[in-house]
Amino acid sequence: MRIRQSLVTGGAGFIGSNLCRALAARGERVRVLDNFSTGHRENLAGVEVELIEGDAADLATARRAAEGVECVFHQAAVPSVPRSMREPLASHRACATATLTMLEAARQAGVRRFVYAGSSSAYGDTPTLPKIESMPPDPRSPYAAAKLAGETYCRMYHHAYGLETVALRYFNIFGPYQDPGSPYSGVLAIFITRLLAGQPCVIYGDGETSRDFTYIENVVQANLLAREAPQASGQVYNIGCGRRVTLNWVYDFLAGELKVNLRPRYEAARPGDVRSSLADIQAAGRELGYMPQVQVEAGLRATIAWYRRAPEGV
Ligand SMILES: NC(=O)c1ccc[n+]([C@@H]2O[C@H](COP(=O)([O-])OP(=O)(O)OC[C@H]3O[C@@H](n4cnc5c(N)ncnc54)[C@H](O)[C@@H]3O)[C@@H](O)[C@H]2O)c1
């Protein structure tokens, strides 16, 4: 039997490294393309991958990475709304240009399927919940606009070139290997590591901001399904849990689990951040067979356990 060869761009990042671990555990060949702008080599410690260090927005590098690959899981991006507000051109390059370049490389290399990490930020701040794929997108930050442009290019490559593309709109993913170490990091990674260190946390806004926080295992499952689903090419699917919780709820849950008695500090809401987010996941259920296996409480407990064990500096 032929061993499957995949490419994971951004494979040294949080989501990419978890995906690499899952693919390698299935005995598949995994190649990673990463420029280490936000990812870390240590995230791939103990995982058998072929590593190409380079920029996904560079066509020659992208071509080399896509050669002989059956499926590209395109995770590479600089995933931060506030950072994109400060650096819109850099955000466009890392999110939109890199996606177009990888699509073109995949087309030239004869890749069968291209699974794209989209973002729920594409929906913007519409008050209607849950967010459903048929809603008109309304990006409110350079990051959201660039991620949406990536989706548009995916759909276009499906129609214009017959490359099978599937876009997954992730809703606030959390879990092991998420980097807590920058002001742009995901909020749960920051909360958990600060509370473990007995340090206070900042909540931007009144804490009633809500999110469909989704544990990483669910996202890995969605990617593996999206690689196979026969009707999925050219489509966009929400990937979340279909349940939203507020930052105040998450904070209280974590403080309770960790038995920490520290109140959060509230600061002004950040520009570009959306107020509420909740995924309608029926389309992913119907067409990909996606069903979240790990709910938010179990995911938070597993993430706490991982950060307790994680080596110093992670
Ligand atoms: N984490 C979330 O909640 C979330 C939500 C929605 C969408 N996403 C999307 O999921 C993907 C992965 O996000 P993550 O949370 O794992 O972020 P991450 O920062 O941990 O991983 C991104 C990886 O991409 C690499 N990278 C960035 N630009 C690159 C380039 N030009 N060439 C090669 N490699 C490059 C980084 O070094 C890093 O390893 C991103 O596309 C992001 O937009 C994430």
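Note on residue 293 and residue 266: the model spin-label points, each 7 Å out from Cα along the C-beta direction, lie 4.0 nm apart. Placing dummy labels 7 Å off each Cα toward the beta-carbon, the span from residue 309 to residue 90 is 3.4 nm. Annotation: the residues 113, 275, sorted from fewest to most other C-beta atoms within 10 Å of their own C-beta, follow the order 275, 113. Were the residues from residue 197 through residue 108 laid out at 0.36 nm apart, the gain over their Cα-Cα distance would be 27.1 nm.
Once the piece of chain linking residue 275 and residue 184 is laid out straight, how much longer is it, given 0.36 nm per residue of separation minus the C-alpha distance between them? Mind dumping the intermediate values first?
Working: separation 91, 0.36 × 91 = 32.76 nm, distance 1.76 nm.
Difference between extended and current length: 31.0 nm.
Let me check against my output: what whole-number percent is the relative contact order of the chain, with C-alpha pairs under 8 Å and at least 6 apart? Could you put the intermediate results ahead of the total?
Values: 671 pairs, mean separation 54.0, N = 314.
Relative contact order for the chain comes out at 17 percent.
Spatially, segment 63-91 and segment 209-272 are offset by 20 Å when compared through their Cα centroids. Placing +1 on the Cβ of every Lys and Arg and -1 on the Cβ of every Asp and Glu, with no other charges, gives the chain a dipole of roughly 200 debye about its Cα centre. Annotation: extensible slack from residue 228 through residue 258 equals 6.8 nm (criterion: 0.36 nm per residue apart, minus Cα-Cα distance). Which percent, nearest 5, of DSSP beta bridges in the chain are antiparallel? So the antiparallel bridges in the chain amount to around 5 percent.
Under 5 Å between amide hydrogens, built in the peptide plane, is the criterion, and for residue 50 it picks out 30, 31, 32 among residues at least 5 positions away or on other chains.
Quick one, can you get me the convex hull of the C-alpha atoms of segment 30-101 expressed as volume per residue in Å³? Provide the component values of the computation, followed by the final result.
Working: hull volume 6.3 nm³, N = 72.
Once divided by residue count, the hull of segment 30-101 is 87 Å³.
With each label modelled as a point 7 angstrom along the Cα→C-beta vector, the residue 60-residue 246 pair spans 5.5 nm.
Over the chain, the pair-distance histogram of Cα-Cα distances with 20 Å bins from zero comes to 35, 60, 6 percent, rounded to whole numbers. So what's the gap between the Cα centers of segment 143-195 and segment 15-58, to the nearest angstrom? Between the Cα centres of segment 143-195 and segment 15-58 lies a distance of 16 Å.
Where a number appears in this text, it was derived from the coordinates with a stated rule and is not lab data. Just so it is clear, the structure is predicted and the values come from calculations on it, not from any experiment. Cβ atoms come from the backbone with ideal geometry, glycine included; neighbour counts cover every protein chain shown.
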